[in-house]
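Q: Take a look at this one; I'll ask things after.
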Amino acid sequence: MPEKYHPAELEPAAQQHWEQTAAARAVEDTTRPKYYCLSMFPYPSGKLHMGHVRNYTIGDVLSRFHTMLGYNVLQPMGWDAFGMPAENAAMQNNVPPAAWTYQNIEYMKKQLKSLGFAIDWQRELATCTPQYYHWEQWLFTRLYEKGLVYKKLGTVNWDPVDQTVLANEQVIDGCGWRSGAPVEKREIPMYYMKITAYAEELLAELDNLSGWPEQVRLMQKNWIGKSVGVRFAFPVVYPGKAGTNLPSPALSPGLSPKGREEASDFPLPQGEGSREREGVGGEGGEAALPDKLWVFTTRADTIMGVTFCAVAAEHPLAAHAAKNNPQLAAFIEECKQGGVAEADLATMEKKGMPTGIFVTHPLTGEQVEVWVGNYVLMGYGEGAVMAVPGHDERDFHFAQKYGLPIQQVIGEKGEGGSEKGFSTEAWEDWYASKEGYCVNSGKYNGLAYEAAVDAIAADLAAKGLGEKKVQFRLRDWGISRQRYWGCPIPIIHCPTCGDVPVPDDQLPVVLPENVEITGAGSPLARMPEFYECTCPLCGGKARRETDTMDTFVESSWYFLRYCCPDNATAMVDERVHYWFGNGGVDQYIGGIEHAILHLLYSRFWTKLMRDVGLFGDLKLDEPFKNLLTQGMVVAPTFYRENAEGKKQWINPAEVDLKTDERGRPVGATLKADGQPVIIGGTEKMAKSKNNGVDPQALIDQYGADTARLFIMFASPPDQSLEWSDAGVEGGFRFLRRLWKAVFEHVQVGIVAACTSSDGLPGAQADLRRKLHQTIAKVTDDYGRRKQFNTAIAAVMELLNAADRTELAGATGRALAQEVLEAAVLMLFPIVPHIGQALYGYLQPGADAGKTVFPKCDESALKQDELELVLQVNGKLRGAIRVGATADKATIEAAALANEAAQKFMEGKPAKKVVVVPGRLVNIVV
RNA sequence: GCCCGGGUGGUGAAAUUGGUAAACACAAGGGACUUAAAAUCCCUCGCUUAACAGCUUACGGGUUCGAUUCCCGUCCCGGGCACCA
């Protein structure tokens, strides 16, 4: 055994050993319990960053731990290989996206291998290969036939200069990131997946996901947003025709009464299809002129306080009103400015303009004016809202701004039972409370929230103007992307047959790999050799769809494909039954930033695949049994602005940071030129902000084990971690100390490990107790708590205690052997390379990774005496020693007799004595 | 703006079910060894105080014998918001 720890020699040797013994190969074996340990696959951005190291180390620790517990472990890895950065890189460096991606995969795979993860590389997959996306296209066509995929208009960010659709990330302060031109909203036809059809199940199943963090379940619940409310209508009164619900004949010439009838309710009545605006060709705006304005509200109890209504700029009523009103038309144009991101819409200034159109309040018969509001979204709900400024904060401020009436219709009792005062001058939070009762509401006065909603809904229903309705916040999933580097949508547009799904024998629709990326429009739409095709139904000339799918689609089922990545004839096969038996993936690990979208879409796709019948008799409703959401690894961001005011992000490694005496940053300069840079926020490591830290330097200098140990020791996995390499040195030092301890023991000679505390001298019995306490704690930390920093600390404590214990004699040598073997095995999941080597020296010929995890010897934990903390009035005043079996009375007596206790009781009698068994005694005087 | 988290020494953090706040480390300071350096080992290390002791878990309240932990409010930081992945 070498005297010194040399990771550079020992790590490749250990990795070679695992490769030769196929240690990580996972083979279906029904005689053993399986453990499917899944980490979120990376986007091949170029290099691993610390977030990856953290994620995959957690996965590897759990995988290796469960292997040592006897499970048949599967730990796969793959590449989420489609996406925007490849197109950006193509534009910047003139590399085709495919070549760039495969190059990145190759490098990152090498990095992953150098970290020693026990990954079954035979199951590796990349989503950009036809072998993978073939099945995504196949399922798409099945879903299209089932009506679970449909087409409607959707709103996107449009860059009028680059003539291209932008991602929300590419819209900066309302302008296109490359052109700098103000972005506009534009409606284009897109394919949607009907996730709303599964809203109820996606919500209900959250309650069964007991292995998921409460936080994530809550976020998904709020995202789905089930609410029960009332959908009702305001009959529309057109100018000059007060008192009629019908459009003026002058405004809609040539429309027969029957046609009017059919076109009446707009948007379409309730039901899943109600918000689909089918196709692009619906130019007959006049025909769609509504005679009722439908809205949805969860606050029907405030209906008597409606003083105006607001519709989206794209609402047909708005368009109609704008025809003879150039000012309104200009305002509607203004509303189309800016992007579509909800965060921007929610924080922008609320603006509106009256349409001159009035609607009739369905209960009071009063005339209520319709406004166009920039904060009302066409794609959400009915594209129209009732406004109750008295009891909705946004409406309140809107009404104040435009001088619209504010009417109190809900009252509440304050402290002492007096009525709370309502003022139209200043908003107070209780105005929006559901705790009050109706006032100024005629027959509804005095009713509390639920009773009022019920009564009002019943009255609306009686008039045929509304009913109670369940509504979800969740919207259908738009999957069309006007981009190149994605999975082609397998649809053929035929002038005679319409949209035709590509038949199975023509799948996959292969994405051409040699293209020119210009950043303006989709390259596929400029490639006749791609889009020119014949209709599979009629054989006529047709055009292939050139949009690709949202990359979230690939990541919604990759975990199923890992079971059978080699199957060329089916999406999944019976191997799924083995790995997804017993409730699915046993442990899924990934960043908390995926709490909603990725995890919800994956749940959805699993249900879709189930309902297409792909799982046979396997009961699989949810893909992930246990979920560990790791906190993000965050790092500071730095940038400079160029002449056009665009931000150039600078990597933290290239920056010198100056701090004040309290450690707060006061300035930063670029190392290269010494000139100042601007300090941005601390954010998750991301390519777009160039604040990723490459772990390679760390691995090169200290080895994989130190990198793994350090990142596990830095903080618990679910906590976000601000990156700093201070302390890496300490991790390396610990491994060196561990090596030295084993070396010195082996030098004297290995012996059989101690197996019992019988006959051990006191100090050695104490150490052995500490050992088995540590085993119990580490097992619990790995298994139940999934908190690895405390497991490492516990082993450090154990080794510190061993250092302080005399272990020279025969019993001591045996105990030292037991302690060292256990310590090495306990650390093995975290630092497997050094563990593999050291265990080989302690147990020649043994393979640490195939050794059973140490078991706690309960008999070693026994103690005759316990120390209890002594408190007087809750303050620490000393300690008492009592027999391990002492009863409450004995403990009380010992506590009261204690000198320190008597001093702080100052002669007063004890009012009460609280005894917490095994912990403390508190004397209350 | 809305939804979800977080805030404990100079730093990363620990305290698992309401029961000793600061375990385990890092950094710093002092010492030993050394011609010297590195490495290693030992000691000190929340704040106030000469000491006794008092104070301390972002801030302000509350519940409790006892609160980092539970409740209410405030501030700050991070994540998500449907086309970053």
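The values are calculated or read from the model by the stated rules, or taken from the named source; none is laboratory data. None of the values given here were measured: they were computed from a predicted structure. So basically every Cβ, Gly included, is an ideal-geometry build from the backbone, and we count neighbours across all protein chains shown. Each accessible area value is taken on the protein alone, full model and side chains, heavy atoms only, with ligands, DNA and RNA left out. Shrake-Rupley method; radii C 1.70, N 1.55, O 1.52, S 1.80 Å.
Q: Rounded to the nearest Å, what's the spacing between the alpha carbon centres of segment A:807-828 and segment A:51-122? Just the number, please.
A: Value for the Cα centre distance between the two parts: 37 Å.
Q: Just by accessible area at a 1.4 angstrom probe, what is the order of A:Glu87, A:Glu513, A:Glu333, A:Glu136 from largest to smallest?
A: Result of the area sort, largest leading: A:Glu333, A:Glu513, A:Glu87, A:Glu136.
Q: Sticking with this one: For segment A:364-455, with every protein chain kept in place, what is the accessible area per residue (1.4 Å probe, Å²)?
A: It amounts to 47 Å² per residue over segment A:364-455.
Q: How long are the semi-axes of the equivalent ellipsoid of chain A, taking √(5λ) for every eigenvalue λ of the Cα gyration tensor, in whole Å from largest down?
A: 59, 40, 27
Q: Here is a follow-up. Note down, for segment A:669-804, the three equivalent ellipsoid semi-axes (square root of 5 times each alpha carbon gyration tensor eigenvalue), biggest first, whole angstrom.
A: Working through the eigenvalues yields semi-axes of 41, 18, 11 Å.
Q: What angle do you read, to the nearest 10 degrees and between 0 and 90, between the alpha-carbon axis of helix A:326-335 and the longest principal axis of chain A?
A: So the inclination is approximately 10 degrees.
Q: Please list the non-local residues whose amide H lies under 5 Å from the amide H of A:Ile357, H modeled 1.01 Å from N, same-chain partners needing a gap of 5 or more.
A: A:Val370
Q: Which whole-Hz couplings ³J(HN,Hα) result when phi for each residue of segment A:175-187 is put into the Karplus expression 6.51 cos²θ - 1.76 cosθ + 1.60, θ = phi - 60°, listed in order with x for Gly and Pro?
A: Going residue by residue, I get 10, x, 5, 9, 7, x, 7, x, 7, 10, 7, 9, 9 Hz, with x marking Gly and Pro.
Q: Taking the alpha-carbon centroid of each part, what is the distance from segment A:847-882 to segment A:413-445 in angstrom?
A: The two parts, judged by their Cα centres, are 58 Å apart.
Q: Moving to a separate point now. Count the DSSP beta bridges whose two residues both fall in segment A:562-651, then state the antiparallel fraction as a percent rounded to the nearest 5.
A: Of those bridges, close to 45 percent are antiparallel.
Q: Count the net charge of all other residues whose Cβ sits under 14 Å from the Cβ of A:His577, scoring Lys and Arg as +1 and Asp and Glu as -1.
A: -1
Q: Still on this structure, please answer the following. What figure in square angstrom, to the nearest 10, would you give for the accessible area of A:Cys535 with a 1.4 Å probe?
A: 0
Q: Can you check what the net charge comes to around A:Gly878, using other residues whose Cβ is under 12 Å from the Cβ of A:Gly878 (Lys, Arg +1; Asp, Glu -1)?
A: Every neighbour counted, the sum reads +2.
Q: Can you compute the modelled spin-label distance between A:Thr496 and A:Asn445, with each label point 7 Å from Cα toward Cβ, in nm?
A: With each label point 7 Å from Cα toward Cβ, the separation is 7.2 nm.
Q: Considering the convex hull of the alpha carbon atoms of segment A:79-171, report its projected area averaged over all viewing directions, in nm², one decimal.
A: 9.3
Q: 5 Å is the cut-off here: which amide hydrogens, built 1.01 Å from N in the peptide plane, fall below it relative to A:Asn691, excluding neighbours closer than 5 in sequence?
A: Result for A:Asn691 returns A:Ala686.
Q: Taking the Cα centroid of segment A:537-561 and of segment A:288-309, what is the distance between the two, rounded to the nearest whole Å?
A: Centre-to-centre (Cα) distance: 40 Å.
Q: Quick one: Kirkwood hydrodynamic radius for segment A:805-925, alpha-carbon pairs, angstrom, one decimal?
A: 18.0
Q: Mind listing the long-range amide H neighbours of A:Gly591? Cut-off is under 5 Å, sequence gap 5 or more, other chains count too, H placed in the peptide plane at 1.01 Å from N.
A: A:Gln630
Q: Against the longest alpha carbon principal axis of chain A, how many degrees, from 0 to 90 and to the nearest 10, is the axis of helix A:762-780 turned?
A: Approximately 20 degrees, to the nearest 10.
Q: So if R0 is 41 Å, what FRET efficiency would A:Asp29 and A:Ala752 give, r being the distance between their Cβ atoms, rounded to the nearest 0.05?
A: E between A:Asp29 and A:Ala752, to the nearest 0.05, is 0.80.
Q: Run lengths n ≥ 4 of DSSP H only: what is the helix-derived mean residue ellipticity at 222 nm for chain A, with -39500 (n - 2.57) per run over all residues, to the nearest 500?
A: It lands at -10000 deg cm²/dmol.
Q: Also, quick follow-up: What trypsin sites (Lys or Arg not before Pro) in segment A:847-919 are in a loop by DSSP, with at most 12 other Cβ atoms within 10 Å of the Cβ?
A: A:Lys855, A:Lys862, A:Lys911, A:Arg919
Q: Say each of A:Ile188 and A:Thr569 gets a label point 7 Å from the Cα, pointing the same way as Cα to Cβ; how far apart are those two points in nm?
A: Here the answer is 4.0 nm between the modelled labels.
Q: Going down the list A:Lys221/A:Lys434; A:Lys413/A:Lys443; A:Lys226/A:Lys336, which pairs span over 25 Å between their C-alpha atoms?
A: A:Lys226/A:Lys336
Q: Sort A:Glu806, A:Glu622 from largest to smallest accessible area, using a 1.4 Å probe on the heavy atoms of the protein chains.
A: A:Glu806, A:Glu622
Q: In segment A:1-97, carbon and sulfur make up what percent of the accessible area (probe 1.4 Å)?
A: 50
Q: What do you get for Rg/Rh of segment A:393-436 when both radii come from the Cα atoms and Rh is the Kirkwood radius?
A: 0.99
Q: In a shell of Cβ-Cβ distance under 10 Å around A:Phe308, excluding A:Phe308 itself, what net charge do Lys and Arg (+1) and Asp and Glu (-1) give?
A: After counting each charged neighbour, the total is -2.
Q: As a test, work out the antiparallel percent of DSSP beta bridges whose residues both lie in chain A, rounded to the nearest 5.
A: 75
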